[in-house]
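Structure record follows, encoded as structure tokens.
Each value in this text was obtained by applying a stated rule to the coordinates, not by laboratory testing. None of the values given here were measured: they were computed from a predicted structure. All Cβ positions, even for glycine, are placed from backbone atoms using ideal geometry, and neighbour counts span all protein chains on display.
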Amino acid sequence: MRVESLKIADFRNFETLSASFTEGVNIFYGLNGSGKTNLLEAIFVFCLGRSQRGAQDVVMVRQGQAVYRLEGKVALNGGGREQAVAYQRGGRKKIVVDGVPVRLSELYDDFSIVSIGPEDSSLLSGPPSVRRGFLDIYLSQQSTRYLAALTDYTRALAQKNAALKAEEETGPFDLLLIRYGSEVIRARNDFLITALPLVQEYYRDISEGGSIAMRYEPSVGALPQMAQASDIEQIFEGKLNSLAAREMAAGLALVGPHRDELIFEIEGFPARTHASQGEWRTAAIALKLAVYRLMQQRLERSPVLLLDEIFAELDQRRTTCLIESFGEFGQLFLTTAGEPPEPLRQNGGRFRVERGRLERMS
């Protein structure tokens, strides 16, 4: 898949913008604050209906305006289609494909996109919710089954919390949480087991021999190796029973995928408290490259790749290693304040971003 063209109206600092893109490398030049990162965010929202930075829709509407709108053409499965994503302050998001309204979840059936940028350091330094969000957005692109289970779990969780606040029976909702939550936990656990060797390989290469470890800590408790959903359901049920009184007293569900954690260690120490900003950045890049590789393998296509100023902090050797690690990438969007590496400048589209305007360069 690839984004052929995009029109933007009142998104972040862009009043209006219209551009066509190449199927290979698209480079956005500009000074800090010119809108380069906002442009990548617009592409991500256009593809998946949500921000890779976790931003709420209301803050993406240009100041003083009521609606943002993103529309364009995409090449998909040998054909093409027109798509639009729009949001109105105080209202709901609307997504239209070839003139027909669709649900946001339907975008995950067709699109795959990976973003690597400065905000990814929060995967190491930020709260657990950031890491859970990372797992959800990239696992949902790889599996409609995961997205469906996550959606059903989130709905049941809201119903259980409402029942707890009202001091009502939660048994029926617990059954739903166990069924859907166990599927979410199993998928997360399997993904992280598969991803770990790739993350370690990328981190070792980029950091010139450094070490990283990561482990999944589900709130239901420790899982057996290669845990199946049925195993997790038993563990989940036991944990719910043991915490039933505490949940009723708190008026809040205290166990389930919404409370899970992903732990990173760098050089044997907890990354969140002991690693440097540079180590956070390198670890985040390694993690996203592992995601990109796994998505290529499982989906049998190259996701759209967004790179936001990732070469600025890397020397020539690490930059070369990083480019080689992409392998056969598909469409790529790259932001830079200077010149990107030579291999990425060849036969690519070049654009100047300045004060919310986009101009194709010769």
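Pull out the extension gain between Asp109 and Gln234, defined as 0.36 nm times the separation in residues minus the alpha carbon to alpha carbon distance; nm, one decimal.
41.9 nm
Label segment 294-362 by shape, choosing from rounded, prolate and oblate, from the square roots a ≥ b ≥ c of the eigenvalues of the Cα gyration tensor; if a/c is under 1.5 it is rounded, and otherwise prolate applies when a/b is larger than b/c, oblate when it is not.
Judged from the Cα gyration tensor, segment 294-362 comes out oblate (a/c at least 1.5, b/c at or above a/b).
Which entries in Lys7/Lys94; Lys7/Lys288; Lys160/Lys239 show an alpha-carbon gap greater than 21 Å?
Long pairs (Cα-Cα over 21 Å): Lys7/Lys288.
In debye to the nearest 20, how big a dipole does the chain give about its Cα centre with +1 on each Lys and Arg Cβ and -1 on each Asp and Glu Cβ?
Value, rounded to 20: 920 debye.
If you rank Val3, Val130 by fewest surrounding Cβ atoms within 10 Å, what's the result?
The fewest-first ordering by Cβ neighbours comes to Val130, Val3.
Lys/Arg Cβ at +1, Asp/Glu Cβ at -1, dipole of the chain taken about the Cα centre: which of Phe134, Ser211, Gly54 is farthest positive-ward?
Final value for the positive-end residue is Gly54.
When we measure straight from the Cα of Lys93, which aspartates and glutamates land under 12 angstrom away, once same-chain ones fewer than 8 places off are left out?
Straight-distance partners of Lys93: Asp57.
If I take all pairs of Cα atoms in the chain, what percentage of them are more than 28 Å from each other?
In whole percent, the long-distance tail amounts to 48.
Dipole magnitude of segment 118-298 about its Cα centre, charges +1 at Lys/Arg Cβ and -1 at Asp/Glu Cβ only, in debye to the nearest 20?
So the dipole magnitude of segment 118-298 works out to roughly 260 debye.
Run the numbers for Thr194 and Ala158: contour at 0.36 nm per residue of separation, minus the present Cα-Cα distance, in nm.
Result: 9.9 nm gained on full extension.
For the chain, modelled as a GNM with alpha-carbon contacts under 10 angstrom, which of Asp315, Asp109, Asp174 fluctuates the most?
Answer for the Gaussian network model of the chain: Asp315.
I want the antiparallel fraction of DSSP beta bridges within the chain, as a percent rounded to 5.
Antiparallel: roughly 70 percent of the beta bridges in the chain.
Cα gyration tensor of segment 119-189, axes a ≥ b ≥ c as square roots of the eigenvalues: rounded (a/c below 1.5), prolate (a/b > b/c) or oblate?
Oblate shape, in that a/c is at least 1.5 and b/c is the bigger or equal ratio.
Label Leu31 and Ser129 with points 7 Å out from Cα along Cα→Cβ: what is the distance between them in nm?
3.5 nm
Springs between alpha-carbon pairs under 10 angstrom, Gaussian network model over the chain: which of Val199, Val100, Val220 fluctuates most?
Val100
Per DSSP H run of n ≥ 4, the term is -39500 (n - 2.57); total these for the chain, divide by its residue number, and report the mean residue ellipticity at 222 nm rounded to 500 deg cm²/dmol.
-14500 deg cm²/dmol
What FRET efficiency do you get for Arg89 and Leu176 if R0 is 25 Å and r is their Cβ-Cβ distance, rounded to the nearest 0.05?
Here the calculated transfer efficiency is 0.15.
Among Cys47, Cys321, which comes first, then next, by fewest other beta-carbon atoms within 10 Å?
Sorted ascending by nearby Cβ count, the order is Cys321, Cys47.
Once you sort the root eigenvalues of the Cα gyration tensor of segment 1-122 as a ≥ b ≥ c, which label holds: rounded (a/c under 1.5), prolate (a/b larger than b/c) or oblate (the other case)?
The shape class here is rounded.
What residue among Arg53, Arg179, Arg345 shows peak mean-square fluctuation when the chain is described by a Gaussian network model with Cα springs under 10 Å?
The residue that fluctuates most here is Arg345.
What order do you get for Val304, Val61 when you list them from fewest to most C-beta neighbours inside 10 Å?
Fewest-to-most Cβ neighbours within 10 Å comes out as Val61, Val304.
Label Glu354 and Val96 with points 7 Å out from Cα along Cα→Cβ: what is the distance between them in nm?
Roughly 3.4 nm, to one decimal.
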